[in-house]
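Notes for the one structure printed next.
The values are calculated or read from the model by the stated rules, or taken from the named source; none is laboratory data. As the structure is a prediction and not an experimental result, all values here were calculated from the model. For neighbour counting, all protein chains shown are included, and Cβ atoms are generated from backbone atoms with ideal geometry for every residue, glycine included.
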């Protein structure tokens, strides 16, 4: 454990940030799972809404520094590719 006040505070903040980032990542994973379930269901309207929700969460994670922008672009592209294949 830290021996002085400043490192102790940094450790507390790092733990709080870790838990917050974990919650954001978990919410994103849930949204992607809902999208995949909608994709399996075959309803284009529901799938499109869940795609928009997942894409929005990906963008929010980038703005918060949780995901790198290239990682986000790759994930959004993969989701859109699967939606477009289903829509055809």
Can you tell me which residue within region 29-74, out of those that are touching a residue at least 40 places away in the same chain (Cβ under 8 Å) and touching a helix residue (DSSP H, G or I) at 6+ places or on another chain (Cβ under 7 Å), is farthest from residue 17 (Cα to Cα)? 44
Among residues belonging to region 46-62 that are more than 11 Å from the chain's Cα centre (by Cα) and surrounded by fewer than 18 Cβ atoms within 10 Å (Cβ to Cβ), point out the one that is nearest to residue 88 (Cα to Cα). 48
Pairs needed: first member in region 1-22, without any contact (Cβ under 8 Å) to a residue 40 or more places away in the chain; second member anywhere, outside any helix (DSSP H, G or I) and loosely packed, with under 10 Cβ neighbours inside 10 Å; C-beta distance under 8 Å; at least 6 residues apart or different chains. 8/1; 11/1
Qualifying positions in region 19-45 - at pLDDT 95 or above, surrounded by fewer than 17 Cβ atoms within 10 Å (Cβ to Cβ) and within 14 Å of residue 87 (Cβ to Cβ): none
